[in-house]
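Before any comments, here is the structure.
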Amino acid sequence: MKPAFAITLIIIGAFLIALPPISDYFWRADTIRLFQQQPGVSNVHLEGQMGDEYRISCFVVGTIVIGIACFYSVRRPHA
């Protein structure tokens, strides 16, 4: 496997693994911003947080993509 392609796969896999925590960060930041802008609000229900199935699938697919990139980059090509 060409090094540029392996690096691309590793970056994509890392992005997939990091997607749920990044999404949580922005979701919490929006919630905090809502409470700061509306001082009288004591309870809020926001839809749109990632589901557990999506979180697990992002982690599994990202790990598989990184594993494939590592496996094929250390494998010797058959002549």
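In the list Glu53, Glu47, which residue meets the criterion of being surrounded by fewer than 10 Cβ atoms within 10 Å (Cβ to Cβ) and assigned to a helix (DSSP H, G or I)?
Glu53
Listed residues Val41, Val60; which is without any contact (Cβ under 8 Å) to a residue 12 or more places away in the chain and under 25 Å from Tyr72 (Cα atoms)?
Val60
Tally time: how many residues in the stretch 25-44 are assigned to a helix (DSSP H, G or I), more than 30 Å from Leu9 (Cβ to Cβ) and either in contact with a Lys or Arg (Cβ under 7 Å, 6 or more places away or on another chain) or among the hydroxyl-bearing types (Ser, Thr, Tyr) (or both)?
1
Can you tell me which residue in the stretch 1-40 is surrounded by the most Cβ atoms within 10 Å (Cβ to Cβ), limited to those that are at pLDDT below 85 and among the aliphatic types (A, V, I, L, M)?
The residue in question is Met1.
The values are calculated or read from the model by the stated rules, or taken from the named source; none is laboratory data. What you see is a predicted model, and the numbers here were worked out from it, not measured in a lab. No Cβ is skipped: glycine too gets one built from the backbone with ideal geometry, and neighbour counts run over all protein chains shown.
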